[in-house]
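The values are calculated or read from the model by the stated rules, or taken from the named source; none is laboratory data. None of the values given here were measured: they were computed from a predicted structure. So basically every Cβ, Gly included, is an ideal-geometry build from the backbone, and we count neighbours across all protein chains shown. Side chains are part of the model used for accessible areas, which takes the heavy atoms of the whole protein and leaves out ligands, DNA and RNA. Shrake-Rupley method; radii C 1.70, N 1.55, O 1.52, S 1.80 Å.
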Amino acid sequence: MRTGDLLTIGEAAILLRFSRRRVLDLCARGLLPYVNIGSHRRVRRADVEALIHPVLTRDELEQLWLHQAIAARLTAQPAAVLATAEINIRRLRRLHPGGSAWEWLDRWEVLLSGEPSAVLDALTSPAQYAVRLRSASPFAGVLSERERQAVLDALAESRRDQARPMQLANLERVMRAV
């Protein structure tokens, strides 16, 4: 990853129109992936831009946030998370002996046997390939139901925070036009 692709927490806060504390909270909860460079946290510009201008459907955005939390768990407990994913792949293959899902399960197996950074990218990237890959995710059961609900609540809260009230003059103009 080039350092030009990384933003400071302050830069991310400005772009997101959040406080630095809010951005740090998103990082701490695993909802905004970050790396440590020395004693400073950096976030990928693509992850910040995906929060600003989501080109994802609501379901895809939920999957992205849930998988970002899974990525945080993967960095903390890699062996347990990878073992869960491998067990789930075997279970899914038994449940669905054939079909289009196998292609994505094959891709997950390749990722899981490779570099951890590739798995993290697949879990956290807003890129269309990663979106399709996450639709056949083998990470069920990594997050508890309480953790899962906390992530979805945080997503809903972030969407409310980004909503801007319409100015009275604009509202009146819209109402006259209707």
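Leaving out ligands, DNA and RNA, and with a 1.4 Å probe, what % of the accessible surface on the chain is carbon or sulfur?
Whole-percent figure for carbon plus sulfur exposure: 55.
Using the alpha carbon gyration tensor of the range 3-61, what are the three equivalent-ellipsoid semi-axes (square root of 5 times each eigenvalue), largest first, in whole Å?
19, 12, 11
Out of these labelled values of P(r) over Cα pairs in 10 Å bins from 0, in percent, (1) 10, 38, 40, 11, 0; (2) 9, 34, 32, 15, 7, 3, 0; (3) 9, 33, 26, 21, 10, 1, which was calculated from the coordinates shown here?
(2)
Going by average Cβ neighbours within 10 Å, how do the peptides 96-104, 16-24 rank, with the highest at the top?
Ranked from most to least packed, the peptides come out as 16-24, 96-104.
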